Every structure is written in structure tokens, then in C-alpha cells.
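The values are calculated or read from the model by the stated rules, or taken from the named source; none is laboratory data. Just so you know, these numbers come straight off a predicted model, no measurement behind them. Positions of Cβ are backbone-derived with ideal geometry, glycine not excepted, and every protein chain shown enters the neighbour counts. Each accessible area value is taken on the protein alone, full model and side chains, heavy atoms only, with ligands, DNA and RNA left out. Shrake-Rupley method; radii C 1.70, N 1.55, O 1.52, S 1.80 Å.
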Amino acid sequence: VVQQNEDGHKQLIAYVVRDQGSSLTVGELRDYLKARLPEYMVPGVYTWLEALPLTANGKVDRKALPKPDGSRPELDREFVASRDAVEEVLAKIWSELLGVEKVGIHDNFFELGGDSIISIQIVARARQHGLAISPRQVFQYQTIAELASVATMAEAGDAAQGDLSGPLPLT
């Protein structure tokens with residue numbers, strides 16, 4: 001199901017009903033789907049349900065599906081809190097942009113629902129906090145611990161730009 005968050009960013013959400021006794025994790029399900037679907041079709045958020053809500057006609061009642069609650073999804077790793085100021089800033093940024101209340105330093109960006117658009121927003125917000133990272137680094141270093149190790153200090157400030165005039169090359 002595609003849902004739009006407060007920032008206007010659309011997210012693909014998977015509602016999953018597990019077999020009783022199954023120990024399927026978000027990482028395993030995501031890996032399975034990545035091997036069979038194009039990247040843009042792999043859901044960013046996974047919500048576990050006891051059963052899908054149905055209409056009187058037996059179809060899935062999309063309106064009755066719960067919105068993601070912001071809780072940390074079931075991941076293969078235990079939660080580990082930030083150890084320093086850089087990790088704390090990155091965890092706060094990820095939490096706000098991914099809509100997850102608690103983000104551990106070993107949580108994977110993509111398992112939490114990250115995508116290329118959110119990676120660009122992370123770079124911009126990190127710069128506002130004085131950290132220089134690139135979208136490529138977000139893809140290469142997919143946990144806060146890894147990303148914090150390559151982040152460098154940058155001048156915090158506004159990225160505002162004045163009016164441009166004259167011929168401009170295409171980007």
C-alpha cells in the first residue's frame with residue numbers, strides 16, 4: 001500500500017501476516033523481495049498483522065489498515081544507543097525523516113524504510129548540524145555507526161542561494 005507521510009513523501013508499506021510460529025524478520029523478507037522485484041517496488045516499511053482486515057465482500061479493507069506507528073521494526077540486531085554527539089545527531093535526523101521513534105546505531109537505513117529521496121534529506125539536515133556527508137556515503141555506509149565514522153565537520157548554515165542570472169548550463 002502506498003501512503004503519504006507528513007512531509008508529502010510517499011512510502012510503500014507492506015502489511016504482512018506471518019504463519020503461526022514463523023520467525024521471519026524484516027531483513028529476511030526485504031532480502032527475499034529485493035531478489036525478485038525491482039528496487040522501487042520493495043517496501044520501505046513493514047507492518048506485522050495478526051490478520052488482514054476484510055470488507056463484507058471478502059476484499060482487503062484498505063481504510064482499516066493501521067498506519068505505521070513509528071515503533072522500531074523487528075530487526076536482526078538489538079537496539080544500541082548513540083555513543084557520541086555525531087551518532088546522536090544522525091540518529092535524531094534518521095528518526096525524524098524515517099518516522100521511527102528509536103533508531104539504533106547498527107540499524108540499517110533501508111530496513112528502517114530509507115530510500116534515495118530520504119538520503120538526500122539526511123544529507124541536507126546533517127549539513128545544517130555541521131556534518132558533511134554525501135548521498136553516496138548514505139548508500140555505502142548504511143548504519144549510523146558506519147556513517148558517523150566517515151562524516152566530517154562542515155560549516156553549519158543556510159544553503160540559501162541568491163537570484164541567478166545569465167546563461168546557466170544544464171545539470
> Just one of SER119, SER82 is out of contact with any Lys or Arg (no Cβ under 8 Å at 6 or more places or on another chain), part of a loop (DSSP other than H, G, I, E, B) and of a type in the set (Ser, Thr, Tyr); which is it?
Replying inline: SER82
> Among ILE93, ILE117, ILE122, which is open to solvent by 60 Å² or more (accessible area, probe 1.4 Å), of a type in the set (A, V, I, L, M) and within 16 Å of the chain's Cα centre (by Cα)?
Replying inline: ILE117
>> Would you confirm whether or not the stretch 48-56 contains a residue that is in contact with an Asp or Glu (Cβ under 9 Å, 6 or more places away or on another chain), closer than 19 Å to VAL1 by Cβ, modelled with pLDDT under 85 and not aromatic (Phe, Trp, Tyr)?
In response: no
>> I need the full set of residues from the stretch 13-65 which are closer than 18 Å to SER116 by Cα and β-branched (Val, Ile, Thr), in order please.
In response: ILE13, VAL42, VAL45
